[in-house]
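S.K.: Sharing a structure here in structure tokens format.
The values are calculated or read from the model by the stated rules, or taken from the named source; none is laboratory data. Computed from a predicted structure; not experimentally measured. Note that we place each Cβ from the backbone using ideal geometry, even for glycine, and neighbour counts take in every protein chain shown. Protein only, heavy atoms only, side chains kept; ligands, DNA and RNA dropped before computing areas. Shrake-Rupley method; radii C 1.70, N 1.55, O 1.52, S 1.80 Å.
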Amino acid sequence: TTRIQNAAREPEMPALADLLNAMGARVSGAGTSEIVIEGGAPLRPAAGTVIPDRIEAGTFMVGAALTSGDVTVTGCMPAHLTALIAKLRETGAEVTRGEDWVRVVGAARPRAVQVTTDFFPGFPTDLQAQMMALASVSEGTSVITEQIYADRFTHVAELTRLGAKITLDQNVAVVEGQPSLSGARVMA
């Protein structure tokens with residue numbers, strides 16, 4: 001028996017456990033902070049479906065808000081995007097959703113927002129950089145607190161080359177929104 005404590009709780013964990021169980025594994029607790037794996041069962045082939053990528057969907061959603069655009073993301077799981085949807089609405093974006101789609105209509109100029117990354121179902125650390133780009137052109141001052149991945153702020157130097165006004169203090173970024181950014185050489 002293997003116990004994984006403080007396990008990731010993102011939706012990808014239960015999806016993987018479901019596939020492994022269909023293959024004959026005995027995995028329980030996926031999606032909680034403790035996963036238990038009972039070893040010894042031989043695995044066999046099984047069919048599975050990969051769940052939609054919530055970070056990819058979220059990136060398009062933030063892109064709509066960032067550009068005052070109108071984007072409908074289809075084939076996604078809105079239930080996996082609730083923290084992002086709430087934050088986009090705070091920026092003034094109009095967000096509507098269905099069973100497997102989300103539409104985002106960005107405001108003429110987004111409002112500043114407070115974002116704190118957290119474990120699922122909280123705000124995903126993998127969407128923090130996208131929200132910082134949005135905050136860079138928002139009206140007002142945003143505060144972004146990174147609680148998951150300490151080195152997630154490596155994009156700050158690149159955003160400042162584009163004209164963003166960002167002050168870092170440990171795991172907190174204060175972003176003073178600018179009317180616009182401008183082109184510059186950046187590293188990715």
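S.K.: Residue check: is Thr125 among the β-branched types (Val, Ile, Thr), open to solvent by 70 Å² or more (accessible area, probe 1.4 Å) and closer than 26 Å to Phe153 by Cβ?
M.R.: no
S.K.: If I ask for residues that are among the hydroxyl-bearing types (Ser, Thr, Tyr), touching a helix residue (DSSP H, G or I) at 6+ places or on another chain (Cβ under 8 Å) and within 12 Å of Ile144 (Cβ to Cβ), which ones from region 76-132 would you list?
M.R.: The answer is Thr117, Thr125.
S.K.: While we're here: Determine which single condition Leu162 fails, assuming it passes every other condition in (1) without any contact (Cβ under 8 Å) to a residue 60 or more places away in the chain; (2) within 21 Å of the chain's Cα centre (by Cα).
M.R.: Just one mismatch for Leu162, condition (2).
S.K.: So which residues in region 106-117 are surrounded by 15 or more Cβ atoms within 10 Å (Cβ to Cβ) and over 20 Å from Ser180 (Cβ atoms)?
M.R.: Correct list: Val115, Thr116, Thr117.
S.K.: Which residue is farthest from Thr32 (Cα to Cα), if the candidates are limited to region 128-149 and must be open to solvent by 10 Å² or more (accessible area, probe 1.4 Å) and among the polar types (S, T, N, Q)?
M.R.: If we take residues in region 128-149 being open to solvent by 10 Å² or more (accessible area, probe 1.4 Å) and among the polar types (S, T, N, Q), then Thr141 is farthest from Thr32 (Cα to Cα).
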